[in-house]
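Report on one structure; see the data block that follows.
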Ligand SMILES: Nc1ncnc2c1ncn2[C@@H]1O[C@H](COP(=O)(O)OP(=O)(O)OP(=O)(O)O)[C@@H](O)[C@H]1O
Ligand SMILES: Nc1ncnc2c1ncn2[C@@H]1O[C@H](COP(=O)(O)OP(=O)(O)OP(=O)(O)O)[C@@H](O)[C@H]1O
Ligand SMILES: OC[C@H]1O[C@](O)(CO)[C@@H](O)[C@@H]1O
Ligand SMILES: [Mg+2]
Ligand SMILES: [Mg+2]
C-alpha cells in the first residue's frame, strides 16, 4: 500500500487543519494512506525534521510540507529526495525554492500586493499621508512574512529597498512593525502597543486573519472601530470573509489550502509534477481579493463568492 | 495472640497492642516480629540501642509506616491504619522523633495543623474563617506551661526556633490534643534541664487525666522516674518488659545492650 | 578586650576567643554582647536554657552565621570567617545541632564530604578518581569506634538511618578530622546510653591528643563528668564561667535559669 | 546563609512582625528615616515588590517619555497582564504545594472552546454553556490532582502528559475552528462581558455626579475586575482558612504535614481542581479579550504564568509565597514589555533588555529584603 | 510514605545493594523466579527504565508492524534523540543541584551560530571557530552560574533572563541569517562531521573482513557517538570524582553541604559552566544534524530536555538522579513519538497517546521500583 505524508507548521491553525482535511479527502479518493505530522509551534524546525525522517522510515512515496523554517529544513528535504521521496512544498516556499520537487503556494507577494493596492485605492488622496501599522509574523522573517509584507508595500506604493527584507524602508508613512506570531491574543497585544506609538494610525496590515481578529479588538477598545482605520489581511477563511462582510475587515486575500493539499497528493500519487512556469518558480494556487468595496483597477471578488470558496 | 474477648475486664484489655510486627528495608530488618502492649492509663517506657527499631515500631503503630505484616489492636479492636491521620482521628497523638513540623509555618499554625479552629460567629461559619487570635492564645499558653519562655513571638516560623524550642512545640501539640493514647519519641532529647522537667510533669499530668502514654527515651533517670513498665527493644524486637521497681538502671541497660539475659516476662 | 600580645605564654592565649558578639533576627536578639573563651587543650562545656543562644554562638564562631558585630580570635589571631569552609580549613571541626548531613548521600560519602580521598595511583592522579574502598573502610571503622554497630551498610543513605545513627555519623566525622578545635552542639542528644558513653570517651581522647573541645549539652552529669570549665549562657550572653569542681550541678542549673546570681568569674 | 532564606520566607508569607518584648528592644529614640524605612519594610514585606514595580515605572517614564506615563497606557498594561495574572494565581496554588502545572494554558483554551462552541455552534443557552466550561476546567484540574496523588507521580510529568491530552481534546472539540467575535456577540454576549470597558470617570460622573478629573483617561474592563476578585478570594482562602494552611504545609514538608495529620492527598486534589477552575475563569477573560474563541490562543501561557509566580517571590520548592507577589510579578513583566515596546528600541535589544530587567528586578527585591530584615 | 521516596531515591542513584549480614538474612532456598527478579531489580535499579523502554518497543512493534521494528528505524530514533539527550545531560547536572536551566536550548543555538558564522561568513579557520563556539557555550553557562551564586537568585529567574539575553545576542550575531548546508560543507566540513553516517556492517566487513549480517541495516552517525562519550564522561564525573559528590550534596541540602564544608558556590558555577560547554557540544551535533546553521532551531529544546531528565527519574528538587536515567528518558520519548508517527494514528490522537504514554511509562517505572524494594 502507498503512503503519503503531510507536514504542517502547527496543529491548531485552522488553515493547516483545513489543509489536512483536504489531504484526507483526497487520500481516501486515491486509496492511499496519509500520515500527518506538525511542528509544536509556528517556527518549529526540529519537529519537522523528525517528521520527515519518520516518513522516510515509513517508506512513504513522498510528502507535502509547509516548512516552518524555509532555510533550515532544506538539507533534510534533500535527504528525503535522495531517498527517493517526492517532496512538494506548500504555502511557504523554501529558500532556495528549487530545493523541493515543486512548490504549490499562494503567490504571497501578490496576495500582499492586492491588499496594498486596495488600501491605497480606498484611501485615495489620503494615501499620501497614511499612517500604517504592520503586524508581522516573527523576528526571523520566514518567506511568507517578508513576501506578504513587502508585497503590501509594493501595492501601496512604498519603496521597499530590498524586496526580501522587512524593516529597511524609510517611508515616513510606515509607523511601526510589530510581531504577532499569527496569534489572536498576541495580535491584540501587538496592536495595543502599536496604538500607543501611532495613535493616528489609519491602515493596519496583518500577516493573517487570526492576527487581524486580535487587532480588531484592540482597535475597538479605543473606539477606532468607526471606520477610521482600514484593516487588511490574508487568508480568506470563513470567519475572515464574514468579517469582511461585517465590515470589520476591509479586505482579505483569499488562499486555497484544500486545493494546495489535494493537488500535492495527486501529483505525488501520480509521480509526476505538473508543469510550472520557470519564471515564477512555483505553482500558484491562486489568491483573490475579497472585499465588499471594490476599487477600480484592483481585481476582486464579492463576499458572496468568497463565502463559497472559503474554508475553516 | 488473640484479641481481647468482650468479657475481659476493661483494665486487662491493652489500650494499644501489637503482635508480630515486621518491617524490612531492603536487607535491613527494622522490625523482627515485634510485640507491643500498652495497658490503659500506664506510662510505658520503650528503651533500646540506637537503631534497635523503636521509632519504626512507633511509626508502624500509628500508620506512618505500613508494616510488612503483623496485627494491631486499639482497645481490643483490630485496626490497620493506612495513614497517621486515621490514628490521629482515633485519638492517638504522637511526637515523632523528627518532630513533624512545617518549617515555614508559624508556631501557632503548627500547633493547630490539621485541626484548625474556625471563628464561631456567622462569618466563621459562612466563610470558614480561622480564629487566629484564639489559636495564638492557646499556643502561647501551652508553650508557657512547658516553660518555653524564651519564645517571644508565637507567629515566628518554626524554622527560626532553636532545637529545643522546636521540640517543645511538638510536645505541646501532642499533650494538648491527645485523647486516647499519647506517644512520645524522645521528647526531651533537645530540651534543657528545666524544660525536660516540665515535659515529665506533663506526662504525669496526662496520666492523671486517665491517658496511657508511651515514652521512648535514652535518658534512664527520666525513664525510671516516670515509667510504670519498661519495654526493652533489641535488634528489632521486644526482648523484655520489666518493672522499674524491681530492676536497677544498670540492669535495664545491660538487658538492652545484650550484656544480661532478659528476665522472664514479669510486668503485668 | 585586646588580642593576645605575642609575649603572652602560649597557654594563656585562648584557642578561640570572642568578644561582644551580637546577632539579632528581626526583634529577636539571639546574641547580646556575648563573650567566649576556649583555652588550649581544655574541655569547655557550654550550658544554657533552650533558646539561650548557644547554637547561634557556635554558628557565629564558625562562620555559619555572620554576627552583626563582635570580634573573634583564633590562637590570638583575629579572624572573620565568611563561611564554615574557612573555619574548617583552619582546623575547626563542628558538629552542628542539625547535623549538616546530606540526606541522600551515603554514610561514607557524608563522612568525607568536602575532603574526599582520591586514589593514589596513576589513574587517581590522572582522572581524579575517588578511592571509595578506602573511604568506606575508614567510615566503618570510625562508626565502630563509636559503638554504632547496628549500622549494617556503610553505603546506606543517611536519610534511612535512625535518629541516633545519624548523630553518630556527624560526631564521628568531627572527631576524625578536627585538628585545631572540635565543637560539638549537643552531640549525645539522640544517642543511647552506651553510645553516649563512647562519645564522652571520644571527647576525652581528643583532649589527650592535645585538642581543645567545646561541648554544648543539656546533660548535666555528662557535663560535670568531662568539662574542665563550664560556660553558662543566658539570654544571649555569657553570664558566668564556673569550675565544675567548685560547684554542684544544682548550682549550675540555678545560675543558668536565673534562680541564683552568677558568681564572680573564677575559672582560669 | 540559611537565615536569609528564612527571613525572606517569613516575609513572603506576610507574617505579622515580631511582638515587642524581646531580650532587648529597640531604642525608639534613634530612629532615622532609613531605620524607619527598614521598620516599615520589615512590617509590611509585601510592599517590597511594589517598590520594585515603582522603580520600573520610573525608569520607563524616562525611557519612553510621554507615552508610557499615561493613565491610558497603565490601563492597557493592566489589560495585557490580566490573563497571565489569573493563570498565575492558579499556578501559585500549585507551586505552593511544591508542584507545577504545565497544563494551565491548555486548560484555559479548552474551557474557552467548551464555552464558546457549546453556546455558539451547538446553540446551547449560555446559562448552560458557561458553567459547562467552568466544569471542564475543574474536571481537567481534578484529573491532574488525582493522577498526582493516587499514582504518586511528579506533577511535572503528570501535567506534561495532560497538556498533550487536553490539547488533543481541544483540537477534537474545537475542530480547530475559530469562532468569530460577531457570532459570539450575537449568540452569547455574556461570554464577552469581561471585555466590556469601564471608564471610571464617566461612571462616577454619571452615577454620583462627581467630577473626579484625576480619573480621566483611565480605562478598565471587567476582566481586570474578575482578576482582582479571583486574587482576593484565593488570598483569603490561603491566609484565612484551614485549607490554605494545609496548602502551605503540604508544600513545605509533605512528610511532616502527613505525620501531623493533614490529608495531603485531599489538599492536593483540591488545589489542582481549584487551579483548573481558575483557568476556566481565565478562559472567560480570554474570550472577552480576543472577542471570539481561537483554539490556538495563549500557548505560551504556561511559562508566562510560572514566570509571574517566581518573579513574585514564590519558591518553586513549595511552601513559601503569596498571591500578591504573583499579581505584582505579572505586572512587572507587563510593565517591562510595554515600556520597552514603547521605548522604540530595536526588537532585538528589547529582548535583551527584558532579560536584564528580570534579573535586576529580582535582585533589587532580594536586596531590599535583606537590608530590611 | 517517606520510605518509598527514600528507597527509590537510593535506587535512582544506583547505590550498591545493602551488604549481607543484617538482623535477619534471606532464606536463600525459597527464591522463586519472581523473587530472583526482585533481587535483580533491587541490585541494579538502573535497569528499571530500560524495562519500561522495552515495554514501549514491544507495544509499538504491534502498533506499527514492520515499519517500527526495523534496524533503520531504530537508528533513526537514536539520531532523533541525540540532541535532546546531550542537552538532557547538561540539564541533569543543573537539576541535580536543585536548579533548572531554561537557557540550554538558546546556548546551543548561539554556540552553533558562533561556530558556523565565524567559520563560514567571517572565514575564520574552523580550528579557531570551533573552539570559539565551545568557549561561547562555556561562557554563557559561566554567566548563569555566577549570577545564580553571587546574586543568590533562583535559577529559574536567572536562566529565564539569560534566555532572553542570549537569544538577543544570537539574533544580533547571526543577523537571523541561516547558513546553508552547502556553504558549511565547502568552508568548514568539520562542523558537519557529527552528521556523518557510519554503517557498522560495512565498517566491520571492510576493516576486519567480518560478515556480521545482524548489523545490516543499522546506521549510526558520529553525533550518537559524541552523545555516548559526553554521557560517559559526565557519568564518571558524577559518580567517581569529588566534584560529583559535591554536586549531589549541593542539591540535596545546600545548607547542610555548606556547613559540612563544601564550597557550594564554586560547585554551582562549575555545574552551570560545564552545562554550557555541553550545550556547545550539542551545537556541533545540531549542525551535523540539520547540515547548516539556523538561528531558529531548538526552541522546544528546554522543555524537551527537562522532560527527558524527569522521565529518567531525576528529582526536580535536586540531589537525586542519574545520567543513565536521562538517556533512557530521552529514548522513551523518542520511541513514543516515532512509534506513534508510524502507527498512522490521526495527529490529534497521537498527541493524546503521547500524553497517556508518558504518564503510563513513569507509573510503571515507579511501580516496578516499589515492588522491587
Ligand atoms: N527508610 C529506611 N530505609 C532503610 N533503613 C531504615 C529506614 N528507616 C529505618 N531504617 C533502619 O532501621 C533500623 C531501625 O531504625 P529506627 O529509627 O527504628 O531505630 P531507633 O530504635 O528509633 O533508633 P534511635 O534510638 O537512634 O532513634 C535502623 O538500622 C535504620 O537504619
Ligand atoms: N534564623 C532565625 N530567625 C529568627 N530567630 C532565630 C533564628 N535562629 C535562632 N533564632 C532565635 O534565637 C534564639 C537563640 O537560638 P539558639 O538556637 O541559639 O538557641 P540554643 O541556645 O541553641 O537553644 P537549644 O538548647 O534549644 O538548642 C532563639 O530564641 C531562636 O528562636
Ligand atoms: O502564521 C503564518 C501562516 O498563517 C497562514 O496565513 C494561515 O493563517 C499561513 O498561510 C501562514 O503560513
Ligand atoms: Mg528513633
Ligand atoms: Mg541549640
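The values are calculated or read from the model by the stated rules, or taken from the named source; none is laboratory data. Since this is a predicted model, take the numbers as computed values, not measurements. Neighbour counts run over all protein chains shown; Cβ positions are idealised from the backbone, glycine included.
Those residues that are within 14 Å of chain B (Cβ to nearest Cβ) and within 16 Å of ligand 5 (Cβ to nearest atom), I need them from the stretch C:192-219; list them, please.
Applying the first criterion (within 14 Å of chain B (Cβ to nearest Cβ)) to the stretch C:192-219 yields C:192-200, C:216-219.
If the condition is that a residue be within 14 Å of chain B (Cβ to nearest Cβ) and within 16 Å of ligand 5 (Cβ to nearest atom), then C:216, C:217, C:218, C:219 are the ones that fit.
Only one residue in B:104, B:100 is within 14 Å of chain C (Cβ to nearest Cβ), assigned to a loop (DSSP other than H, G, I, E, B) and more than 16 Å from ligand 5 (Cβ to nearest atom). Which one?
Numbers: B:104 fails: within 14 Å of chain C (Cβ to nearest Cβ).
When all the criteria are applied, what remains is B:100.
Answer with yes or no whether residue B:226 is farther than 25 Å from residue B:113 by Cβ, more than 16 Å from ligand 1 (Cβ to nearest atom) and at the interface with chain C (Cβ under 8 Å from one of its Cβ atoms). Break it down into steps so the answer makes sense when it comes.
Details: farther than 25 Å from residue B:113 by Cβ: yes; more than 16 Å from ligand 1 (Cβ to nearest atom): yes; at the interface with chain C (Cβ under 8 Å from one of its Cβ atoms): no.
In short, no.
What's the number of the only condition in (1) part of a helix (DSSP H, G or I); (2) under 26 Å from residue B:249 (Cβ atoms); (3) modelled with pLDDT of 90 or more; (4) within 16 Å of ligand 1 (Cβ to nearest atom) that residue C:169 fails to meet?
Answer for residue C:169: the failing condition is (2).
Collect the residues in the stretch B:112-134 that are touching a helix residue (DSSP H, G or I) at 6+ places or on another chain (Cβ under 9 Å), surrounded by fewer than 20 Cβ atoms within 10 Å (Cβ to Cβ) and not in a loop (DSSP other than H, G, I, E, B), keeping them in residue-number order.
Once the filter is applied, which keeps residues that are touching a helix residue (DSSP H, G or I) at 6+ places or on another chain (Cβ under 9 Å), surrounded by fewer than 20 Cβ atoms within 10 Å (Cβ to Cβ) and not in a loop (DSSP other than H, G, I, E, B), the stretch B:112-134 yields B:118, B:127, B:132.
If a residue has to be over 20 Å from residue A:259 (Cα atoms) and within 23 Å of the chain's Cα centre (by Cα) to count, how many in the stretch A:77-96 make the cut? Reasoning before the result, please.
In the first step, residues of the stretch A:77-96 are kept if they are over 20 Å from residue A:259 (Cα atoms); the result is A:77-85, A:95-96.
Keeping just the survivors that are within 23 Å of the chain's Cα centre (by Cα) gives A:77, A:95-96.
Matching residues across the stretch A:77-96 total 3.
Could you please find all residues in the stretch B:201-219 being crowded, with 20+ Cβ neighbours inside 10 Å and part of a helix (DSSP H, G or I)?
B:202, B:203, B:206 - these are the residues of the stretch B:201-219 that are crowded, with 20+ Cβ neighbours inside 10 Å and part of a helix (DSSP H, G or I).
Residue by residue, here is whether (1) part of a strand (DSSP E or B); (2) more than 9 Å from ligand 1 (Cβ to nearest atom); (3) more than 19 Å from residue B:87 (Cα to Cα) holds:
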position	(1), (2), (3)
B:20	yes, yes, yes
B:31	yes, no, yes
B:41	no, yes, no
B:55	no, no, no
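Per-residue answers, yes or no, for (1) away from chain C (no Cβ under 14 Å); (2) surrounded by fewer than 19 Cβ atoms within 10 Å (Cβ to Cβ); (3) modelled with pLDDT of 85 or more; (4) within 16 Å of ligand 4 (Cβ to nearest atom):
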site: D:20; (1), (2), (3), (4): no, yes, no, no
site: D:28; (1), (2), (3), (4): no, yes, no, no
site: D:32; (1), (2), (3), (4): yes, yes, no, no
site: D:61; (1), (2), (3), (4): yes, yes, yes, no
site: D:73; (1), (2), (3), (4): yes, no, yes, no
site: D:80; (1), (2), (3), (4): yes, no, yes, no
site: D:87; (1), (2), (3), (4): yes, no, yes, no
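Can you give me the number of residues within the stretch B:135-156 that are at pLDDT 90 or above and not in a helix (DSSP H, G or I)?
Total meeting the criteria: 0.
State whether one or more residues within the stretch C:47-61 are surrounded by fewer than 19 Cβ atoms within 10 Å (Cβ to Cβ) and within 15 Å of ligand 5 (Cβ to nearest atom).
No, the stretch C:47-61 has no match at all.
Residues checked against (1) out of contact with any helix residue (DSSP H, G or I) (no Cβ under 8 Å at 6 or more places or on another chain); (2) within 16 Å of ligand 4 (Cβ to nearest atom); (3) closer than 22 Å to residue C:218 by Cβ:
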residue	(1), (2), (3)
B:85	no, no, no
B:110	no, no, no
B:141	yes, no, no
B:144	yes, no, yes
B:152	yes, no, yes
B:155	no, no, no
B:160	no, no, yes
B:164	no, no, yes
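Being within 20 Å of residue C:217 (Cβ to Cβ) and within 16 Å of ligand 1 (Cβ to nearest atom) is the requirement here; does residue B:186 meet it? If you could, list the steps in order and put the result at the bottom.
Values: within 20 Å of residue C:217 (Cβ to Cβ): yes; within 16 Å of ligand 1 (Cβ to nearest atom): yes.
Yes.
Which condition does residue D:369 not pass, out of (1) under 14 Å from the mean Cα position of the chain (by Cα); (2) more than 25 Å from residue A:194 (Cα to Cα); (3) surrounded by fewer than 24 Cβ atoms within 10 Å (Cβ to Cβ), if it passes all the others?
Status for residue D:369: all satisfied but (1).
Go over the candidates A:257, A:239 one by one and state the one that is within 14 Å of chain D (Cβ to nearest Cβ), over 30 Å from residue A:131 (Cα atoms) and more than 16 Å from ligand 4 (Cβ to nearest atom).
Values: A:239 fails: over 30 Å from residue A:131 (Cα atoms).
Going through A:257, A:239 in turn, just one is within 14 Å of chain D (Cβ to nearest Cβ), over 30 Å from residue A:131 (Cα atoms) and more than 16 Å from ligand 4 (Cβ to nearest atom): A:257.
Restricting attention to the stretch B:163-175, does a residue exist that is within 18 Å of residue B:84 (Cβ to Cβ) and facing another protein chain (nearest Cβ under 10 Å)?
There is at least one residue in the stretch B:163-175 that is within 18 Å of residue B:84 (Cβ to Cβ) and facing another protein chain (nearest Cβ under 10 Å).
Which residue, of D:321, D:339, D:334, D:325, is more than 11 Å from chain E (Cβ to nearest Cβ), at pLDDT 85 or above, out of contact with any strand residue (DSSP E or B) (no Cβ under 9 Å at 6 or more places or on another chain) and part of a loop (DSSP other than H, G, I, E, B)?
Working: D:339 fails: part of a loop (DSSP other than H, G, I, E, B); D:334 fails: part of a loop (DSSP other than H, G, I, E, B); D:325 fails: part of a loop (DSSP other than H, G, I, E, B).
Only one candidate passes the filter, namely D:321.
Could you please find all residues in the stretch A:180-203 being more than 7 Å from every other protein chain (Cβ to nearest Cβ), outside any helix (DSSP H, G or I) and within 16 Å of ligand 3 (Cβ to nearest atom)? Even if it seems obvious, please write down each step before you answer.
Of the residues in the stretch A:180-203, the ones more than 7 Å from every other protein chain (Cβ to nearest Cβ) are A:180-182, A:186-187, A:190-191, A:194-195, A:198-203.
Applying the additional criterion that residues be outside any helix (DSSP H, G or I) yields A:180-182, A:198-203.
A:180, A:181, A:182, listed by residue number.
Taking the stretch E:238-248 as the search range and keeping residues that are touching a helix residue (DSSP H, G or I) at 6+ places or on another chain (Cβ under 7 Å) and free of Cβ contacts under 8 Å to residues at least 12 places away in the same chain, which one is nearest to residue C:135 (Cα to Cα)?
Our first condition is that a residue be touching a helix residue (DSSP H, G or I) at 6+ places or on another chain (Cβ under 7 Å); within the stretch E:238-248, this holds for E:238, E:243-248.
The next check asks that each one be free of Cβ contacts under 8 Å to residues at least 12 places away in the same chain; those that pass are E:244-245.
On the way: E:244: 15, E:245: 13 Å.
Taking the candidates together, the pick is E:245.
Under the condition of being more than 11 Å from residue D:99 (Cβ to Cβ) and more than 9 Å from chain E (Cβ to nearest Cβ), which residue from the stretch D:144-169 is surrounded by the most Cβ atoms within 10 Å (Cβ to Cβ)?
It comes out as D:146.
Restricting attention to the stretch E:249-267, report how many residues are in contact with a helix residue (DSSP H, G or I) (Cβ under 6 Å, 6 or more places away or on another chain) and part of a helix (DSSP H, G or I).
Initial filter on the stretch E:249-267 (in contact with a helix residue (DSSP H, G or I) (Cβ under 6 Å, 6 or more places away or on another chain)): E:249-251, E:254-255, E:257-259, E:261-265, E:267.
With part of a helix (DSSP H, G or I) added as a condition, the list becomes E:249-251, E:254-255, E:257-259, E:264-265, E:267.
Going through the stretch E:249-267 one residue at a time, the tally reaches 11.
If you check residue E:345 against the conditions, is it more than 10 Å from chain D (Cβ to nearest Cβ) and outside any helix (DSSP H, G or I)? Before the answer, list the steps.
Numbers: more than 10 Å from chain D (Cβ to nearest Cβ): yes; outside any helix (DSSP H, G or I): yes.
So residue E:345 passes the test.
What's the number of the only condition in (1) modelled with pLDDT under 55; (2) under 29 Å from the mean Cα position of the chain (by Cα); (3) in a loop (DSSP other than H, G, I, E, B) that residue E:65 fails to meet?
Failed condition: (1).
Within the stretch C:22-41, take every residue that is within 22 Å of residue C:89 (Cα to Cα) and in contact with a strand residue (DSSP E or B) (Cβ under 6 Å, 6 or more places away or on another chain) and give me the one that is farthest from ligand 3 (Cβ to nearest atom). Give the steps one after another, and end with the answer.
Filtering the stretch C:22-41 for residues within 22 Å of residue C:89 (Cα to Cα) gives C:36-41.
With the extra rule that they be in contact with a strand residue (DSSP E or B) (Cβ under 6 Å, 6 or more places away or on another chain), the set shrinks to C:36-38.
Details: C:36: 70, C:37: 76, C:38: 73 Å.
So the residue we want is C:37.
So, in the stretch C:66-81, how many residues would count as being outside any strand (DSSP E or B) and closer than 25 Å to residue C:176 by Cβ? Walk me through how you get there before you give the answer.
Here is the first cut: in the stretch C:66-81, the ones outside any strand (DSSP E or B) are C:66-68, C:75-76, C:80-81.
From the residues that got through so far, the ones that are closer than 25 Å to residue C:176 by Cβ too are C:75, C:81.
The number of residues fulfilling the criteria is 2.
Taking the options C:199, C:214, name whichever one is at pLDDT 95 or above and more than 16 Å from ligand 4 (Cβ to nearest atom). Full working, then the answer.
Details: C:199 fails: at pLDDT 95 or above.
Checking each option against the conditions leaves just C:214.
Quick grid of which residues meet (1) closer than 22 Å to residue A:7 by Cα; (2) touching a residue at least 12 places away in the same chain (Cβ under 8 Å):
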site	(1), (2)
A:255	yes, yes
A:260	yes, yes
A:266	yes, yes
A:270	yes, no
A:278	no, no
A:292	no, yes
A:296	no, yes
